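The values are calculated or read from the model by the stated rules, or taken from the named source; none is laboratory data. What you see is a predicted model, and the numbers here were worked out from it, not measured in a lab. Because the Cβ atoms are built from the backbone with ideal geometry, glycine has one as well, and the counts that use them run over all protein chains shown. Remember, those area values only see protein heavy atoms, side chains included, never the ligands or the DNA or RNA. Shrake-Rupley method; radii C 1.70, N 1.55, O 1.52, S 1.80 Å.
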Amino acid sequence: MEELSEVCYKKNFLKDVIVKVDFVSPVAELNTTIPKDVAKAALTGFPIDEPKPAFTQAVRISKDDVSATKQEFIEWNFFGSNREKRLVISPLFILMVHNRYERFELFKDEFCRVVEPLFNALPDTQASRIGLRFINQIVTPGTDPLYWQEYISPELLSVLGYRLDKAKPSRLLHNLEYAFDSFNLRFQYGIYNPDYPAPIRQRQFILDFDAYYRGLVDPRDIRTNMDMYHIQIQQLFERSITDKLKGLMNE
C-alpha cells in the first residue's frame with residue numbers, strides 16, 4: 001500500500017476516469033432545480049453550465065400486454081473551462097468524468113465537494129450504487145498492432161496469439177470479473193480497435209478497470225469506498241504493465 005502511494009508517473013494513458021453514484025429512486029427535487037450549495041460547489045470546478053432535457057424509457061412485458069413508459073427530466077451538465085471534464089447531476093445519478101487526469105486525490109476531492117452537500121441538502125436521498133472506472137488507452141512506438149510483449153504483462157497476452165487461417169482479427173478483448181468482500185471489479189483488456197469491424201491496424205491496447213458496489217451506500221462512506229477501489233485498480237494496473245512501459249510513462 002505504502003509503495004503504491006508513492007507511484008506517480010509524469011504522464012499517463014488515461015482516456016477517461018469516471019465516478020458515478022446512482023440513486024435508489026428518482027430525486028424529484030432535481031427535476032426543477034439544484035440546491036444552492038450544490039450549484040456553487042459545481043461551478044467552482046466546472047464553470048460551464050449547460051442543463052438539457054433527457055429521458056429514460058422502460059418496457060414492461062406481462063402475460064397479456066407489452067407497455068412502454070417514458071420518464072423526462074432535466075440533466076444538469078457542468079464542464080471544465082476547456083471541457084476537459086464533465087459533471088452530471090440528474091434525478092437518477094451524479095457522475096463525473098475527467099479526460100485529463102492528474103492525481104486521484106484531486107479527482108476524489110473534486111467529486112466529494114459536490115456529492116457531499118448534495119446528500120446534506122437532500123437527506124432523504126439514498127445511493128444504490130457507487131462505481132469508479134479507469135480506462136487506459138495505451139499507445140506505444142512500433143508498427144505491429146498485435147505485438148505488445150515489451151509493454152504488457154505476459155499473463156494478459158494469450159488472447160493475441162489465437163489466430164484463424166485466412167482471417168485477420170478485428171477485435172481481441174478479454175473480460176474478467178471478480179467479487180471481493182465489499183465490492184466487485186470488472187477488468188476488460190486487449191485491442192478494442194476503433195476501426196471495427198475492419199481488421200486491426202492501429203496500435204492501441206486497452207486496460208479498463210471498473211470497480212463498483214451495488215446496494216445501499218451510506219454517503220459518508222463514499223470517500224472510503226473510492227479509496228478502496230482506487231487501491232485495487234492501481235495494484236492491477238501495475239501488475240498489467242512492464243518496466244519498459246513504466247519507463248516510457250516517466251520520460
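I'm checking my understanding of the structure. Among residues of the stretch 191-215 that are under 30 Å from Val21 (Cβ atoms) and of a type in the set (Gly, Ala, Ser), which one is least open to solvent (accessible area, probe 1.4 Å)?
Applying the filter and picking the extreme gives Ala211.
Modelled with pLDDT under 95 and part of a strand (DSSP E or B) - does that describe any residue in the stretch 219-241?
No.
Just checking, how many residues over the stretch 8-50 are in a loop (DSSP other than H, G, I, E, B) and out of contact with any helix residue (DSSP H, G or I) (no Cβ under 7 Å at 6 or more places or on another chain)?
Number satisfying all stated conditions: 12.
Exactly one condition in (1) under 30 Å from Asp22 (Cβ atoms); (2) open to solvent by 50 Å² or more (accessible area, probe 1.4 Å) is not met by Asp144; state its number.
The one condition Asp144 does not meet is (1).
Show the residue pairs meeting these rules: Cβ distance below 9 Å; 6+ apart or different chains; first residue within the stretch 8-31 and closer than 15 Å to His98 by Cα; second residue hydroxyl-bearing (Ser, Thr, Tyr) and open to solvent by 30 Å² or more (accessible area, probe 1.4 Å).
So the pair list comes out as Asn12/Tyr101; Leu14/Tyr101; Asp16/Tyr101; Val17/Tyr101.
In the set Asp208, Asp195, which member is in a loop (DSSP other than H, G, I, E, B) and either closer than 30 Å to Phe119 by Cα or among the acidic types (Asp, Glu) (or both)?
Asp195
Return the total of residues in the stretch 177-190 being in a loop (DSSP other than H, G, I, E, B) and crowded, with 18+ Cβ neighbours inside 10 Å.
The qualifying residues number 1.
Within the stretch 117-136, can one find any residue that is within 19 Å of Pro47 (Cα to Cα) and either basic (Lys, Arg) or outside any strand (DSSP E or B) (or both)?
yes
Inspect the stretch 1-22 for any residue being at pLDDT below 95, farther than 30 Å from Gly247 by Cβ and either among the hydroxyl-bearing types (Ser, Thr, Tyr) or open to solvent by less than 50 Å² (accessible area, probe 1.4 Å) (or both) and give the result as yes or no.
no
Out of the residues in the stretch 34-52 meeting the condition of being under 23 Å from the mean Cα position of the chain (by Cα) and open to solvent by 50 Å² or more (accessible area, probe 1.4 Å), tell me which one is farthest from Glu110 (Cα to Cα).
Of everything passing the filter in the stretch 34-52, Lys52 is farthest from Glu110 (Cα to Cα).
How many residues are part of a helix (DSSP H, G or I) and either surrounded by 14 or more Cβ atoms within 10 Å (Cβ to Cβ) or charged (D, E, K, R) (or both) when one looks only at the stretch 147-159?
The qualifying residues number 2.
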